[in-house]
Amino acid sequence: MKKLLKIDVWSDIVCPWCAVGKRRLEAALASFPHKDDVEVVWRAFELDPSAPALQEGNNAARLAQKYGKTKAQAEAMMLQLAETAAKDGLDFHLLEAKSGNTFDGHRVLHLAAERGVQNAVKERFFRGYMTEGLAIGDHEVLVRLASEAGLDAEEVRAVLASDRYASDVRGEEENARALGITGVPFFVLGGKYAISGAQPADMILRALEQAWASLPEREPAAAEGAVCGPEGCA
């Protein structure tokens with residue numbers, strides 16, 4: 001029987017380390033000999049489920065308040081994260097990012113999964129938020145970004161005007177809680193091997209090789225890396 005390695009990735013649209021983790025996963029897959037037999041599914045995780053559609057103030061000020069730091073120290077942390085992301089080819093402008101509630105974005109990602117363009121929409125959401133400073137909780141922003149990535153704009157609007165996929169998003173978040181996921185990105189390879197955080201590409205490649213070789217017998221294992229959680233990015 002032909003093998004298929006499924007990778008479930010819990011992440012949030014406003015999580016910088018999730019974008020870094022996505023890029024590193026892609027780099028690992030580029031070197032993986034069985035990459036054509038890998039399915040990546042993006043699962044919902046909200047860093048701040050109580051967030052309004054558009055957060056007031058800026059991210060640096062909120063980060064400073066959470067960590068008890070000055071705004072200048074928080075800005076330095078964000079710039080350092082951007083420097084790290086740049087090494088993976090990502091162009092982050094986190095000081096200009098407009099954070100907000102991501103529940104509806106996750107619903108659109110479910111539509112994207114059904115239409116076969118989930119990865120492209122996920123990438124476009126990341127770039128819209130991290131690089132272009134777009135208000136990711138705004139419905140018209142979601143419509144534009146999703147349509148640029150391959151979805152029909154009117155179908156996206158119809159989803160956003162309804163409660164479609166709401167139960168799917170809640171279900172994935174419940175699964176995250178059941179797995180003990182408190183920070184993202186969080187990868188589960190083949191339903192067995194777990195990677196927490198944005199690990200280097202070579203480490204992810206080793207995990208891919210191990211998960212492939214162990215299908216379906218090996219027990220879960222875990223590794224730790226940089227993550228974003230409800231209190232911010234570490």
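Just a few scattered comments:
- Residues of segment 59-75 satisfying the condition of being of a type outside the set (A, V, I, L, M), touching a helix residue (DSSP H, G or I) at 6+ places or on another chain (Cβ under 7 Å) and surrounded by 15 or more Cβ atoms within 10 Å (Cβ to Cβ): N59, E75
Yes or no, residue by residue, for (1) closer than 24 Å to V9 by Cα; (2) of a type in the set (A, V, I, L, M); (3) over 16 Å from the mean Cα position of the chain (by Cα):
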{"position": "Q55", "(1), (2), (3)": "no, no, yes"}
{"position": "L79", "(1), (2), (3)": "no, yes, yes"}
{"position": "L90", "(1), (2), (3)": "yes, yes, no"}
{"position": "E96", "(1), (2), (3)": "no, no, yes"}
{"position": "L109", "(1), (2), (3)": "yes, yes, no"}
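- Segment 21-42 residues that are assigned to a helix (DSSP H, G or I), paired with ones that are acidic (D, E) (beta carbon under 8 Å, 6 or more apart): K22/E123; R23/D88; R24/D88; A27/D88; A28/D202
- Restricting segment 105-121 to residues that are of a type in the set (A, V, I, L, M) and without any contact (Cβ under 8 Å) to a residue 40 or more places away in the chain, the residue that is surrounded by the most Cβ atoms within 10 Å (Cβ to Cβ): V121
- Only one entry in R164, R124 is of a type in the set (K, R), buried (at least 18 other Cβ atoms within 10 Å of the Cβ) and modelled with pLDDT of 95 or more, namely R124.
- Flag for E148 being acidic (D, E) and within 26 Å of K35 (Cβ to Cβ): yes
- Only one of the numbered conditions (1) at pLDDT below 95; (2) surrounded by fewer than 18 Cβ atoms within 10 Å (Cβ to Cβ); (3) within 22 Å of V40 (Cβ to Cβ) is not met by G225, and that is (2).
- Near pairs, Cβ below 6 angstrom, 6+ apart or cross-chain, from segment 67-90 (under 14 Å from C233 (Cβ atoms)) to any residue that is at pLDDT below 95 and buried (at least 18 other Cβ atoms within 10 Å of the Cβ): A74/A60; A74/L63; A74/A64; E75/A60
- Segment 167-206, residues that are in a helix (DSSP H, G or I), touching a residue at least 60 places away in the same chain (Cβ under 8 Å) and small (G, A, S): A176, A201
The values are calculated or read from the model by the stated rules, or taken from the named source; none is laboratory data. Given the structure is predicted, the values throughout are model-derived calculations rather than measurements. Backbone-built Cβ (ideal geometry, glycine too); neighbour counts: all protein chains shown.
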